[in-house]
Every structure is written in C-alpha cells, then in structure tokens.
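Data first, discussion second: the structure below is written as structure tokens.
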Amino acid sequence: MNLTRWRDTGLRFEFKGHSIFYQQHSGPAPGQAAGPVSGAAADTGERPALLLIHGYPTSSWDWSGLWAPLQARFGRLIAADMLGFGFSDKPPRHAYSLMEQADLQEALLDHLGVRKVHVLAHDYGVSVAQELLARSAEGRGPRLLSVTLLNGGLFPETHRATVSQRLLRSPLGGLMARLMNQRRFERAFCEVFAPQTRPSTIELHDFWTLVSGDGGARALRRLIRYIDERRRHRERWVGALTATSVPIRLINGPVDPVSGAHMVARYRELVPNPDVVSLDGIGHYPQLEAPDRTLRAFFEFHDELDER
C-alpha cells in the first residue's frame, strides 16, 4: 500500500489531548469478506488480534508491506503511529517517553475493545513491548498471547548508536535537528540497511515525508532520549524479557550495525531457551528488506503456537 493510501485509509483517536493516527483491519469471520473497521468494536474471540509496534524514526507504514498477508491470518490488525511519529501529533516541547508510548498502545487497545493480543515489534517498539511484558507480569494491561521481536535495543549494553543518533543526543542535538534535511536523513537512514537492500529513491522520499511532516525533524532530539530511558529501566525490561512465560521469537537481520548479530549473541546468553531466526544478509529493517522471509519466520512461529 502506498503512503498516500495508508494515510487516507487511517483512523484517529485522542490520547492525552493529542491526535493519534492508526491503521486497523478486521479480518473476516468464516464466510464473510474482509474489510476495514471504523471506531471501537468488541474483541470477537474468533481469530486473535495482532498489535504492530513500529520503530524510530519511522511509523506504522513500516508494516504496509506485510499488511495484506497478515490480514489473512489474524482477526484484527492494529498499528498506530506513536506520539511524535508519522501522521500523529508531534508536540515540539513534549517529554517523550517509552512508558507513555506503552500507555498509548494500551489506550488504543482499550478504545478498540481488544483485551488479548499478539505483538510484533521493531526497534524503538521492542522497548514498548518489553514494558507491556512487564505490566502483563504484574497483572496489568492486555493479555499478551505472544511477542515477536525484530531488530531493536533489547539490551542497552549491546546497542550501538549511529553517528547521527550520537550527535542528536549530544549538546549539538538542537543544531542537528534544525539542520536535518532530506539528504542528511537519507544518508543516515541507509547506514542501517544491508548494502543490497537499501530503500529506493521513492521510498526514501516517503520516509522523509513521514519523519519531517508537521515539524517532525524538531522532535527527533527529544525522541532520541529513549536510549537513556532504556538504561534507566534496564532491569525491569530485561527482567521482563528473561522471566516471562509469554512465547517469544526474535527475528533478526544480523548485518544491522545497531542491533544485529552482536545483540543476538547477548540474547542467547540471557534468555532461557531462546527462539531466534537470523535472516542472512539483512540489516536493521527485516520487514522492509526481506518481507517474505520475515513473514515466513513469523508464520512458522504462529503455526507452532497453534499446534501447542
């Protein structure tokens, strides 16, 4: 689905006075045709819902290439642009927080009447998923049926920030944000892809449109503070990951310089009975670089869950 159609078919709800964009699709009941759903609707229990949580600095559109195949498998797909991202509001002086983004996901599920859900998360979104796991262990939030994690900073000690990320976090961050333009963004964005799977010129333009729209470039410096937040909450989030009884699969692009093979090595050290699929030759964005292989690994995981 192209970016214009993604935007035009999306929905909105209000979170703490801010307008949040999201995409939703309700899968068909037996004998019925599939179609989009507007507004709140109860969790039917016929087929489970899938919550998709995007990364930094992009948006829910990251999932557009997987959207149609996922429709055939799940009773409902739900993917929001988190606060500060994509087509959602980007308040310029907001204290963005991963904790608040987890609140946003819970608020959206509550808005839609969804009480149990599978999760597919990437990058920034893996920390949101870890917080949801922690809350689930405390008996709060939606019931998590499974979690699938793509490349992301699960462990602060293995996260290797890019040059542009380090600059945004530095005293020069304000200047960096003001000087950010499409050319600088594209150069930095392509660094985390495998050389042979980098986005096309048209795709890069669309990603820049999402990042820069509504003053989004100015929000980058405040959003990047998630790296520090991961350090503050390491024990909670790594503990949730290592102690949970929720089934988890990690699908990883090992060429990723930020959270590739080196992160997987740490995952295998800390997580009991690790379920890991490594996609050779793929970088930080498996869902964009190798959508078919990512879907195969994801569906195989869910086939195993169904068999259990």
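The values are calculated or read from the model by the stated rules, or taken from the named source; none is laboratory data. The structure presented is a predicted model; accordingly, all values stated were derived computationally and were not measured. Using ideal geometry, Cβ is built from the backbone for each residue, glycine included, and neighbour counts are taken over all protein chains shown. The protein model used for the area step is the full one, side chains on, heavy atoms only, and it has no ligands, DNA or RNA in it. Shrake-Rupley method; radii C 1.70, N 1.55, O 1.52, S 1.80 Å.
When only Cα pairs below 8 angstrom with a gap of at least 6 residues are kept, the chain shows a relative contact order of 19 percent. With semi-axes defined as the square roots of five times the eigenvalues of the C-alpha gyration tensor, the equivalent ellipsoid of the stretch 162-222 measures 21, 15, 7 Å, largest first.
Taking 7 Å steps out from each Cα toward its Cβ at R160 and D110 produces label points 4.1 nm apart. The slack between A68 and D303, meaning 0.36 nm per residue of separation minus the straight C-alpha distance, is 82.8 nm. Compactness of the chain, taken as the C-alpha radius of gyration over 2.2 N^0.38 Å, stands at 0.93. In the chain, the DSSP-assigned H stretches of four residues or longer account for a calculated mean residue ellipticity at 222 nm of -12500 deg cm²/dmol, using -39500 (n - 2.57) per stretch and the full residue count as denominator.
Within the set of other residues whose C-beta is less than 12 Å from the C-beta of F207, count the net charge using Lys and Arg as +1 and Asp and Glu as -1. With Lys, Arg at +1 and Asp, Glu at -1, the net is -3. Which residue, T294, T158, T242, tops the fluctuation ranking in a GNM of the chain built on C-alpha contacts under 10 Å? Of T294, T158, T242, the Gaussian network model singles out T242 as fluctuating most. One decimal place: the segment E100-R225 gains 43.7 nm when fully extended, by the rule 0.36 nm per residue minus the C-alpha distance. Can you give me the Cα centroid spacing of the stretch 244-308 and the stretch 197-232 in angstrom? Rounded to whole Å, the Cα centres lie 23 Å apart. Taking all protein chains as shown and a probe of 1.4 angstrom, S127 keeps an accessible surface of around 0 Å². When the alpha carbon coordinates of the stretch 167-264 are projected onto the principal axes, the ranges are 43, 34, 23 Å, largest first. When all protein chains stay in place and ligands, DNA and RNA are ignored, the 1.4 Å accessible-area order of D110, D8, D206, D228, largest first, is D110, D8, D228, D206.
Modelled spin-label separation between T9 and D275, with each label point placed 7 Å from Cα along the Cα-to-Cβ direction: 2.9 nm.
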